[in-house]
1. Cβ-Cβ distance below 6 Å, separation of 6 or more or different chains: which pairs start in region 84-108 with a residue that is within 18 Å of residue 8 (Cβ to Cβ) and end on one that is assigned to a loop (DSSP other than H, G, I, E, B)?
2. What are the residues in region 117-133 that are part of a loop (DSSP other than H, G, I, E, B) and surrounded by 17 or more Cβ atoms within 10 Å (Cβ to Cβ), if any?
3. Give me the residue from region 10-49 that is within 18 Å of residue 70 (Cβ to Cβ) and exposed (fewer than 13 other Cβ atoms within 10 Å of the Cβ) and, out of that set, modelled with the lowest pLDDT.
4. Please name all residue pairs, on different chains or six or more residues apart, with Cβ atoms under 8 Å, provided the first residue is in region 14-42 and is without any contact (Cβ under 8 Å) to a residue 60 or more places away in the chain and at negative phi and the second residue is part of a loop (DSSP other than H, G, I, E, B) and exposed (fewer than 12 other Cβ atoms within 10 Å of the Cβ).
5. Residues of region 26-45 being in a helix (DSSP H, G or I) and either more than 16 Å from residue 86 (Cα to Cα) or in contact with a strand residue (DSSP E or B) (Cβ under 8 Å, 6 or more places away or on another chain) (or both), which ones?
6. I'm trying to understand the selection: among the residues of region 97-110, which are buried (at least 19 other Cβ atoms within 10 Å of the Cβ) and within 17 Å of residue 6 (Cα to Cα)?
7. Only one residue in 156, 109 is closer than 19 Å to residue 74 by Cα and touching a strand residue (DSSP E or B) at 6+ places or on another chain (Cβ under 7 Å), so which one is that?
8. Checking the conditions here, which among 76, 58 is surrounded by fewer than 17 Cβ atoms within 10 Å (Cβ to Cβ) and either under 23 Å from residue 181 (Cα atoms) or at pLDDT below 95 (or both)?
């Protein structure tokens, strides 16, 4: 087990505590480990249904499926952790990380979403900066990377304000299955070939974050 995995386990075991608190518009913003309460599962299900276009797969989204995902893929998974974003006592979004690579000391961004769009406009820019700094300071990670659809301009602009840089572009093809379909990475075989959609691979280091925070 690495320091990352030990720390993730410790945080999950103490999931009643907020890992991060700061103020936005004179109100408290906190991040707390996701739970499997009916209230939270209903919110996550609602948010996923409303924002399905920004995920890499399309399927029938249900309360039961979301609950299984939270329990098996998040809470019981030593690689992943997901936090609820809480503004003035209300759950408004989510932010997580996964897939730590010890050799490169890289962790991947996952499950960033503001579910309640009409509450606290502009808050996600601050959440992105504060959470990214927390990952560097507390988890001692050197690099954070993420994959964002190239047509998701709002999220790309959000990350750009925190100092993230685009380092690569990955072509995608839509592959259908029994449940719906999934965007899968592909290799282009010629200059005439192109993807149906693209991921932008983004990256941030603590140095680039701190430089942005000073500006």
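The values are calculated or read from the model by the stated rules, or taken from the named source; none is laboratory data. Everything numeric in this text was worked out from a predicted model, so none of it was measured. Positions of Cβ are generated from backbone atoms using ideal geometry, with glycine treated the same way; all protein chains shown enter the neighbour counts.
1. Matching pairs, first to second residue: 84/34; 98/79; 98/80; 99/79; 102/2; 105/142; 107/141.
2. Across region 117-133, the qualifying residue is only 120.
3. Step one: list which residues in region 10-49 are within 18 Å of residue 70 (Cβ to Cβ), which gives 11-16, 19, 31-49.
This time we only want the ones that are exposed (fewer than 13 other Cβ atoms within 10 Å of the Cβ), so: 13-14, 16, 37-39, 49.
Details: 13: 90, 14: 85, 16: 64, 37: 97, 38: 98, 39: 98, 49: 97.
If we take residues in region 10-49 being within 18 Å of residue 70 (Cβ to Cβ) and exposed (fewer than 13 other Cβ atoms within 10 Å of the Cβ), then 16 is modelled with the lowest pLDDT.
4. Within 8 Å, the pairs are 32/17.
5. Those that are in a helix (DSSP H, G or I) and either more than 16 Å from residue 86 (Cα to Cα) or in contact with a strand residue (DSSP E or B) (Cβ under 8 Å, 6 or more places away or on another chain) (or both): 38, 39, 40, 43, 44, 45.
6. Residues of region 97-110 that are buried (at least 19 other Cβ atoms within 10 Å of the Cβ), as a first pass: 97, 100, 107, 109.
Residues satisfying the conditions are 97, 100, 107.
7. On the way: 156 fails: closer than 19 Å to residue 74 by Cα.
Exactly one of 156, 109 is closer than 19 Å to residue 74 by Cα and touching a strand residue (DSSP E or B) at 6+ places or on another chain (Cβ under 7 Å), namely 109.
8. 58
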